[in-house]
There are 2 protein chains.
Amino acid sequence: MAFEKIKRSENYSEWYNNLVNNADLAEHSAVKGCMVIKPYGYAIWEKMQQQLDKMFKDTGHSNAYFPLFVPKSLFEKEEKNAEGFAKECAIVTHYRLKADPNNPGKLIPDPDSKLTEELIVRPTSEAIIWNTYKNWIQSYRDLPILINQWANVVRWEMRTRLFLRTAEFLWQEGHTAHATKQEAMDETVQMLNVYSEFAESFMAIPVIKGIKTENERFAGADETFCIEGMMQDGKALQMGTSHFLGQNFAKAFEVKFQSKEGKLDYVWATSWGVSTRLMGALIMVHSDDEGLVLPPKLAPIQVVAVPIYKTEEEHQAILAKFDEILGQLKKLGISIKLDDRDTYKPGFKFAEWELKGVPVRLAMGPRDLANGTVELARRDIKTKEVVSLDGIDVFVANLLEEIQNSLFQRALSFRKEKYFEVNNWNEFLDVINNKQGFAFAHWDGTNETESKIKELTKATIRCIPMDNLQEDGVCILTGNPSKQRVVFAKSY
Amino acid sequence: MAFEKIKRSENYSEWYNNLVNNADLAEHSAVKGCMVIKPYGYAIWEKMQQQLDKMFKDTGHSNAYFPLFVPKSLFEKEEKNAEGFAKECAIVTHYRLKADPNNPGKLIPDPDSKLTEELIVRPTSEAIIWNTYKNWIQSYRDLPILINQWANVVRWEMRTRLFLRTAEFLWQEGHTAHATKQEAMDETVQMLNVYSEFAESFMAIPVIKGIKTENERFAGADETFCIEGMMQDGKALQMGTSHFLGQNFAKAFEVKFQSKEGKLDYVWATSWGVSTRLMGALIMVHSDDEGLVLPPKLAPIQVVAVPIYKTEEEHQAILAKFDEILGQLKKLGISIKLDDRDTYKPGFKFAEWELKGVPVRLAMGPRDLANGTVELARRDIKTKEVVSLDGIDVFVANLLEEIQNSLFQRALSFRKEKYFEVNNWNEFLDVINNKQGFAFAHWDGTNETESKIKELTKATIRCIPMDNLQEDGVCILTGNPSKQRVVFAKSY
């Protein structure tokens with residue numbers, strides 16, 4: 001491929017940007033901060049969507065769609081939420097363009113079309129949704145409401161990175177309403193578990209499930225749960241959040257229900273979301289200096305077949321054999337691609353599919369055809385072997401499963417190596433600055449200490465792990481008493 | 001159900017609004033002109049999406065995603081397109097809110113966050129997409145580009161109707177780029193055929209395929225193809241359009257490619273789209289005074305089962321039998337729902353599922369159980385029959401197919417009855433004003449006559465049917481010579 005390779009060890013950040021561009025995943029657009037998700041990148045996102053959507057439906061949720069715009073007066077209602085997002089809102093103020101009288105062929109916002117109330121492009125949809133739920137909920141019989149939305153949202157960003165931080169991104173946001181606190185809390189934890197199951201079993205990324213500190217909590221939530229993954233540079237990436245919203249939105253929007261016993265009470269709420277940011281995690285955890293590495297369960301193409309021939313007769317014979325093999329693979333639900341382009345040589349094709357992270361490559365030449373074999377290459381560990389065509393379908397199906405597991409194990413081993421229990425400030429600095437990993441350390445539980453540590457090291461508390469061991473210790477910074485360790489890391 | 005029924009014959013428009021609300025399909029939101037698509041309505045839209053998406057992929061297209069916003073300078077580039085949409089654009093002018101100094105707790109757009117260039121919320125994406133394609137296309141080897149996008153778009157509307165006309169709506173927009181005029185024209189027609197196949201085979205709505213007159217053409221297109229359906233009030237609804245864009249966008253955005261022969265030329269383009277408007281067509285064509293009627297291929301629930309019992313023993317025995325039957329149906333890919341709510345009586349449930357348009361209802365009481373039968377009700381023609389449980393799965397599968405066909409035939413017969421060849425102005429007025437149907441009439445081919453007829457009757461030319469018979473005639477209004485008839489109707 002005609003592109004400059006950048007090594008992870010040289011410049012991880014440039015390696016990432018380069019890979020996202022060269023593997024045709026996404027690119028910057030003419031709109032500051034907004035990206036174009038290219039077909040190959042979007043195909044991976046679609047695989048993620050399909051699986052998540054299935055998991056949401058299996059846990060009783062339905063999809064719906066709410067407006068893109070939030071009237072300012074609704075946006076303001078939940079104060080913490082409004083405050084949290086106010087500084088990054090795109091604001092619609094006019095609804096019509098007209099010809100610019102001073103500039104022929106150009107348009108200007110028509111001053112007569114100024115809105116009496118500005119519209120906020122949703123940065124998240126709690127406000128518009130809870131204003132809607134108000135009309136849907138009167139009695140306990142109307143609960144629970146279990147709704148998810150696939151949508152675009154806008155959070156203005158000055159410094160953007162493809163997939164990781166963009167002004168517009170795609171996501172899903174679940175918004176549920178419950179009669180009891182316990183039920184809402186159970187839902188919050190259930191969806192966190194759905195996310196961690198998705199991350200580990202489909203993305204092949206081990207995650208730490210935990211609770212955010214107050215500093216890092218979602219604006220408007222009583223408690224934010226999260227899953228955190230470790231990238232190859234030892235930084236953390238928050239991959240999904242599930243919020244227990246308490247009665248905050250119900251109170252802001254006056255949403256009460258009559259219980260079985262006839263008592264009026266505010267409704268309990270959750271919200272939870274993952275976004276195209278997951279694409280960033282997927283790329284950063286598994287890929288290598290040759291390009292993308294995709295876990296088979298999320299690869300749009302799982303097996304690519306490349307014929308190698310000199311004569312047209314050989315070509316046709318190999319195509320016929322591939323046709324047979326790919327048919328068998330397809331029957332097992334394996335997604336396949338035959339690369340029969342005559343404009344490129346096999347070496348070029350090999351490099352291209354490596355760059356694009358296709359898990360398994362089959363190449364067949366005249367000698368393979370004569371021997372009843374095929375050359376099989378694994379993308380993840382870059383091994384090649386000659387395999388018999390007898391039972392190739394089951395062989396490949398098993399191999400895909402093995403690759404899926406192996407990627408997870410590799411990521412898990414990496415994380416274990418980079419995950420350190422530290423007991424004092426020097427050890428902490430060594431992990432954050434030199435070893436570049438996660439530091440599991442005692443913290444005195446105050447916002448001040450957390451902020452101070454961030455200021456000194458750029459490391460933040462990623463989460464307090466769920467089911468955390470309670471033990472006596474002292475804070476690495478202040479020496480004040482602590483009851484548990486928390487996970488510190490630099491993060492995306 | 002506790003809602004007021006409105007008859008189609010009394011007030012078709014109110015009947016529609018009432019049905020959309022009561023069947024839980026959609027509702028107006030707090031944002032003027034924007035709708036909330038409720039879970040049941042969204043489930044139908046998802047069925048449509050899945051089928052269309054499959055048909056797009058089967059014809060070689062991939063999905064991608066382009067930004068929500070279009071910088072004003074790009075929006076202006078294709079002049080006709082800009083002119084056509086300028087009057088209905090939501091315009092983002094600021095990117096940050098700040099506390100209102102005069103009004104504690106309230107927010108205002110921060111004047112310091114005023115954008116140097118306004119952003120248009122996409123009313124359609126040709127501009128942003130062609131500005132992107134410019135960088136993707138150098139040579140004939142980069143063509144064709146066959147991309148579709150599922151997205152929300154905003155076209156400001158003052159008078160809105162749920163699904164039919166809303167400020168924000170959901171749609172898909174295909175945008176393709178080709179090396180030759182012929183290839184682009186073939187693509188335009190191919191996608192029109194995909195739409196008509198979807199309308200007829202899945203929505204069970206017969207459509208007229210045709211070409212729009214210049215007056216009704218998409219802003220920026222050389223030719224607009226469309227499919228038009230007839231609603232039960234005899235009005236037309238444009239259900240999908242496929243545009244041959246010529247080289248207009250390539251010229252506006254300077255997109256040239258080098259041909260095999262080394263010659264530089266502008267790229268040829270198409271775009272095509274259908275939207276949540278299709279929901280309006282689906283509702284209006286098939287439904288009746290009792291509620292929604294859904295074609296089985298798009299029904300989220302195809303079969304609902306209602307147990308009828310007095311004692312808990314009967315209840316359990318019937319549930320056990322339903323479990324068995326529904327398992328058989330599920331194996332055949334039929335989507336089923338068991339309505340075992342103990343808070344409602346069977347009569348209430350029957351009415352609810354009728355309102356929601358579930359094609360087939362199974363009800364089983366103790367006598368049915370003893371006899372090995374079930375009461376089966378068809379939603380479309382409201383017949384009931386007692387059916388043996390032997391082979392019930394195949395029976396229901398065949399019945400669903402029969403209902404699908406029968407709905408199409410019913411709609412086709414209706415359209416035939418309301419489709420009139422007219423030969424003079426009085427006959428024309430009679431069809432448009434009294435018979436309320438489509439008038440197939442000679443027209444002199446001028447914009448002036450078309451506009452005059454619209455002014456006099458509110459009827460517009462819906463399309464010039466494809467493969468139209470060429471014959472000599474005289475224009476119904478002017479008496480000027482005409483070579484072919486065109487389809488006139490009032491429309492949504």
For a quick check of your reading of the filter: which trypsin sites (Lys or Arg not before Pro) in region A:216-300 sit in a DSSP loop and have no more than 13 other Cβ atoms within 10 Å?
A:LYS260, A:LYS263
What nm distances, shortest first, do you get from the label point of B:ASN102 to those in the other copies when the point sits 7 angstrom along Cα to Cβ?
2.6
If neighbour count is taken as other Cβ atoms inside 10 Å, put A:ARG341, B:ARG410 in order from fewest to most.
A:ARG341, B:ARG410
Taking the label point as lying 7 angstrom from Cα along the Cα-to-Cβ axis, what are the distances from A:GLY333 to the corresponding position in the remaining copies, in ascending order and in nanometres?
1.6
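What average count of beta carbons from other chains do you get within 10 Å of the Cβ of residues in B:107-119? Walk me through the numbers on the way to the answer.
On the way: counts 11, 4, 7, 4, 0, 0, 6, 2, 3, 0, 2, 6, 8.
Taking all residues of B:107-119 together, the mean is 4.
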Under 22 Å from the Cα of A:LYS356 - lysines, other chains or at least 8 residues apart
A:LYS5, A:LYS7, A:LYS38, A:LYS47, A:LYS297, A:LYS330, A:LYS337, A:LYS345, A:LYS382, A:LYS384, B:LYS57
Within 10 Å of each residue's Cβ, count the other Cβ atoms and sort A:TYR419, B:TYR195 from fewest upward.
A:TYR419, B:TYR195
What is the angle, in °, between the Cα long axis of helix B:346-355 and the longest principal axis of the Cα atoms in chain B? Nearest 10 is fine, range 0 to 90.
20 degrees
For A:LYS263, which lysines qualify as cross-link partners when the Cα separation must be under 24 Å and same-chain residues fewer than eight apart are set aside?
A:LYS134, A:LYS181, A:LYS251
Rounded to 10°, Cα long-axis angle of helix B:126-136 versus longest principal axis of chain B:
70 degrees
Tilt, helix A:12-22 to longest principal axis of chain A (alpha-carbon atoms), in degrees rounded to tens, equals 70 degrees
When the helices in chain A are scored as -39500 (n - 2.57) per DSSP H run of 4 or longer and the sum is shared across all residues, what 222 nm value do you end up with, to the nearest 500 deg cm²/dmol?
-10500 deg cm²/dmol
What are the distances, in nm and sorted shortest first, from the label point of A:ASN434 to the label points of the same position in each other copy, with each label point placed 7 Å from Cα along the Cα-to-Cβ direction?
9.8
Counting Lys and Arg as +1 and Asp and Glu as -1 over every other residue whose Cβ sits under 12 Å from the Cβ of B:ALA151, the net charge comes to -2
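How would you rank B:ILE91, B:ILE432, A:ILE464, going from fewest to most other Cβ atoms within 10 Å of each one's own Cβ? All intermediate terms of the calculation are to be shown ahead of the outcome.
Numbers: B:ILE91 27, B:ILE432 24, A:ILE464 17.
Listed from fewest to most nearby Cβ atoms, that is A:ILE464, B:ILE432, B:ILE91.
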Within-11-Å neighbourhood charge of B:GLU79 [Cβ basis; K, R +1; D, E -1]
+1
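Considering just Cα atoms, how many Å³ per residue does the convex hull of chain B enclose? Present the calculation step by step, with values, prior to reporting the outcome.
Numbers: hull volume 94.7 nm³, N = 492.
In chain B, the Cα hull volume divided by residue count equals 193 Å³.
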If you find the alpha carbon centre of region B:332-353 and of region B:51-115, how far apart are they in angstrom?
43 Å
Neighbourhood net charge (13 Å Cβ-Cβ; Lys/Arg +1, Asp/Glu -1) for A:LYS251:
-2
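Only the coordinates and a few stated rules stand behind these numbers; no lab work does. A quick note: this is a predicted structure, and the numbers were derived from the prediction, not measured. We place every Cβ from the backbone using ideal geometry, glycine too, and count neighbours over all the protein chains shown.
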